[in-house]
1. What are the trypsin sites (Lys or Arg not before Pro) within the range 344-404 that DSSP puts in a loop, where the Cβ has at most 16 other Cβ atoms within 10 Å?
2. Sort 527, 383, 681, 314 so the one with the fewest other Cβ atoms within 10 Å of its own Cβ comes first.
3. With label points built 7 Å along Cα→Cβ from the Cα atoms of residue 463 and residue 589, find their separation and express it in nm.
4. Taking only Cα atoms, what is the 0 to 90° angle, nearest 10, from helix 338-351's long axis to the longest principal axis of the chain?
5. In what sequence do 479, 387 fall when counting other Cβ within 10 Å, fewest first?
6. In what order do 442, 128 fall by count of nearby beta-carbon atoms within 10 Å, going from fewest to most?
7. Taking the simple approach of a point 7 Å from Cα along Cα-to-Cβ for both residue 343 and residue 630, what is their distance in nm?
8. For residue 520 paired with residue 555, estimate the spin-label separation in nm (one decimal), with each label point 7 Å from Cα along the Cα-to-Cβ line.
Amino acid sequence: MTLMKTRSICLGTLLFVSMGLVAQEKTPAAPAKPAAPAKSATKDAQPAQPATPKKVDKAAAYYHFSLAHMYEEMMAMYGRSDYANKAIDEYRLAIENDPSSEYLNASLAELYAKTGRIRDAVNEAQDIIKRDPDDLEAHRLLGRIYLRSLGDMQSGTQSREVLSLAIEQYEALVRIDPKDPDNHLVLGRLYALDTQTKGSKDLSKAEKELKTAIQLDPSSEEAVTYLAFIYNDAGETQKAAELLSSVPQDQRTSKIYTALGGTYEQQKEYKKAIDAFRQALNIDKENVDAMRGLAQNLANDNQTEAALAEYQAVQEADPQDATASLRISEIYRRMGKFDLAMENLKKANALVQDSLEIPYNEALILEAQGKYDEAATILQKLVSHPLPPDARAGDKSNRAIFLERLGNIYREEGRPLLAIETFHKIIDLGGDETARGYQDVIDEYRDQKQWGDATRLAQEAVKKLPDDKTLKLTLAEQLADTGKEDESIQLAKSVLKGGPDDRDSYIMISQIYMRLKRWKDSEDALVQAEKLSTRPEEKEYIHFLQGSIYERQKKYDQAEQAFRQVLQQDPNNSMTLNYLGYMMADRNTHLEEALTLIKRAIDLDPQNGAYLDSLGWAYFKLGNYDQAEENLRRAADKTPNDATVQDHLGELYARTNRFKLAAAHWERALDEWNKSVPADVDQQDVSRVTKKLESTKVKLAQQTEQQK
């Protein structure tokens, strides 16, 4: 039936031909009747006459065009290449009878493009443009061909050449038909790609074309969302938010709300992002991009259970989404559910090949379980291949992340030399990673109480990277710890610029003042930091720091109030859970609640040496000495240079009448305090331990004398 219908169309066309109907304008005319066959040559034939130019025969042209169109339809219907060849032959015959018809030439060029004969299509279109530089269809065809070629190419010189050709065609289209918003949209995209390819930051040409597209068609969500995208990509998130918010609410599509959510996410306005993504899903419940955005921002906003549920919904909507499985794995790891974390990581691994993120997350799970050797083996493999000299910034950043995690595992294992060697490799990466590497090495020197090496390296870092404010503040902290108070404060204040970026600087200055025990100055600096804090998590961190300052001054009620304020906003803040729990246990108050808080912190970070010490100390205060010893020994293994842990072990062994062990750990505590800077030592603790050690040594001497 389909074939008969096609034949009916063709017969109808021939009927129009036989009736002498002639198409006007650019459509070639059909002949009134088929041309008569040429007579055969005979010996009586007249001598050949000079060739004369063939007359334009629009009727014949239309006849062959009709056949070409019929074969083209049959090609599309049956997918046979012989029909394509016949259509091309008929188009050529049509053009032969009407060479000036741009419509016929354009139709042939279009057919070449459809059948993959791109070179022929380009040549045909270019010939048309040579004859008529303003031929819209020829420019459109070339533009589409170059766009398609761009999508098939990898980056390189050839790709850049094709990009230039595409831009040339769409510039012509905009010139010829300036009222078509789609042409401005595509040209804007091409300009943005060209800017990215050249490594430039000038998006003015792209911006102009996209704004024109929006002006011509205010309802164009493609133009609005793409302009927002390039604003976000350039870091101009406020412009993006204003553009998307300018669309009237009753005209906002699911895609526009999704773009708005992504913009708020980039601004770290997570609650606004959550609301925007939910609006997108209200309009289109199957918008998987909005589901992903909602899940990510729920996680960003510490709404862990809700984020998990939303990622599971993404997983159900798109079972091939490896990222959803990966994010679910990360959430389970943070919840301490390592079996479920590994199960979902395996799901992600089955869906994607050659991912660096999957083995890295596997290493994180193994590390959280205390399987350091297995975690280190995975990370060593990730960093085993040298980066090429022309490695991209993203590749260097990934390498720095892997090296940093590997170095931290060596720290956990008590292998400081390997940790320092690994962190130095980050410095060697150069570029944006240099400062990160310096910071890691300095921190390790500080952990090992190698104060001279820490100061030397901090000075070297600042000299090499004089504009890096974090390194300057690190050097200022080091100078404060080594007694150069005035020089430290002067350097720290030199990084203040009087803008919103000063928040982190004020926090660091507060910490320096706290280490110098200049409490009022420390609190004042935090007040300034709080004024510059806009997001909830930023304010939470300020309250945590305020609590720590109050605790150091023994203002326990104020400290507890600050810590509980943090937990009200973020019940899973492990630092605050541990600090509040330890403070209560150390003061021998609310011991059961203290134990509960610390256990929650341990669930979130089970290998943290400081948290294990807190847990052991809480058990000690409760009189559960076996569990106290187990956790305090684990803490000592992880943080062997921590004087407080050694002191706690001394207390435990003295309480259980193991005085020799008590004396050994108190001696170790005093030795660690002697190697520490004044900021890390409470002289009351030193006096207390010294007296206990002396008393214990007397008891040991008496026991020895009695044994004689």
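Taken together, the values in this text are just the output of simple stated rules run on the coordinates, not laboratory data. The structure presented is a predicted model; accordingly, all values stated were derived computationally and were not measured. Using ideal geometry, Cβ is built from the backbone for each residue, glycine included, and neighbour counts are taken over all protein chains shown.
1. 371, 392
2. 527, 681, 383, 314
3. 5.1
4. Helix 338-351 and the main axis of the chain meet at about 20 degrees.
5. Numbers: 479 22, 387 13.
If I rank by nearby Cβ atoms, fewest first, I get 387, 479.
6. Fewest to most other Cβ atoms nearby, the residues stand as 128, 442.
7. It is 2.6 nm.
8. It works out to 1.2 nm between the two label points.
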